[in-house]
Amino acid sequence: MSNKNKTSNFNRITIGLASPESILQDSRGEVLKPETINYRTHKPERDGLFCEKIFGPVKDYECACGKYKRIRYKGIVCDRCGVEVTEKKVRRERIGHINLVVPVAHIWYFRSLPNKIGYLLGLPSKKLDMIIYYERYVVIQPGIAKKADGSDFEDKEFLTEEEYLDILDTLPAENQYLDDSDPNKFVAKMGAEAVEELLRRIELDASSFDLRHKAHNESSKQR
């Protein structure tokens, strides 16, 4: 009996997102273009979403340019087109990667119930959507910025683009050149970049201690 027909017993399976490091480790190359198939040649576009160099050939044992054909060249990487001569079924297994200019928020973490990102940041789903979809700026660090009435801004306060620009006009020009870690700098962002920054500023050890303390000392009604 071959090992392929044997099954292993297991109690559970866990599915999660691959880390950036594991994606790069398994990736066969970077996708640089949004194109898929060339409308004239009907072949995958080089560096595109179906690129043969990244994902493998579309024909068994034949490189993209046709220099190497048939099984006797198995395993050779064409010096002309860069495609490995192998079976086309590898296209179902190989992965590529895309380097993003800015971070993005994965829908699993802000659309699921409970809303995991919103729960960590103490924000309702609607407000979190306003940040992620670039509808509002969120104050990450008030710094020396003041409101029109002289009061201070609060952490996670929401601003329209007009309000954000008005605040920048009231601040010294050098304020924006300070490091983000400088407590005097006014920092407000939008999009997943803002969410990432807010998450990075969470004191995980302190939050973990606080939650464990509440779980141990409070009843379910109090929680």
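The values are calculated or read from the model by the stated rules, or taken from the named source; none is laboratory data. Everything numeric in this text was worked out from a predicted model, so none of it was measured. FYI the Cβ positions are ideal-geometry reconstructions off the backbone, even for glycines, and counts take in every protein chain you see.
Residue-level check: of (1) farther than 20 Å from His97 by Cα; (2) free of Cβ contacts under 8 Å to residues at least 12 places away in the same chain, Ala64 misses just (2). Taking residues in the stretch 127-140 that are closer than 18 Å to Asp166 by Cα and of a type in the set (D, E, K, R), and partners anywhere that are at pLDDT 95 or above and crowded, with 20+ Cβ neighbours inside 10 Å, the pairs with Cβ atoms closer than 8 Å and at least 6 places apart or on different chains are Glu135/Met190; Arg136/Met190.
May I ask you to verify whether Gly118 is touching a Pro at 6+ places or on another chain (Cβ under 8 Å) and closer than 27 Å to Leu17 by Cα? Taking the combined requirement at face value, the residue satisfies it.
If you go through the stretch 193-206 and keep only what is without any contact (Cβ under 8 Å) to a residue 12 or more places away in the chain and in contact with a helix residue (DSSP H, G or I) (Cβ under 9 Å, 6 or more places away or on another chain), you end up with nothing.
Within the stretch 18-27, identify whether any single residue is under 28 Å from Tyr109 (Cα atoms), under 31 Å from the mean Cα position of the chain (by Cα), in a loop (DSSP other than H, G, I, E, B) and of a type in the set (S, T, N, Q), and answer yes or no. Walk me through how you get there before you give the answer.
Here is the first cut: in the stretch 18-27, the residues under 28 Å from Tyr109 (Cα atoms) are 18-27.
Next, only the ones that are under 31 Å from the mean Cα position of the chain (by Cα) stay: 18-27.
Next, from what is left, pick out any that are in a loop (DSSP other than H, G, I, E, B): 18-19.
From what's left, of a type in the set (S, T, N, Q): 19.
Scanning the stretch 18-27, I find at least one residue that is under 28 Å from Tyr109 (Cα atoms), under 31 Å from the mean Cα position of the chain (by Cα), in a loop (DSSP other than H, G, I, E, B) and of a type in the set (S, T, N, Q), so the answer is yes.
Among the residues of the stretch 148-159, those identified as assigned to a loop (DSSP other than H, G, I, E, B) and either surrounded by 14 or more Cβ atoms within 10 Å (Cβ to Cβ) or touching a Leu at 6+ places or on another chain (Cβ under 8 Å) (or both) are Phe153, Lys156, Glu157. Against the condition out of contact with any Ser or Thr (no Cβ under 6 Å at 6 or more places or on another chain) and more than 29 Å from Gly16 (Cα to Cα), how does Glu161 come out, does it pass? Yes; evaluated as a whole, the condition is true for this residue. For the stretch 79-100, the condition holds for at least one residue, the condition being that it is over 22 Å from the mean Cα position of the chain (by Cα), basic (Lys, Arg) and either modelled with pLDDT under 95 or part of a loop (DSSP other than H, G, I, E, B) (or both).
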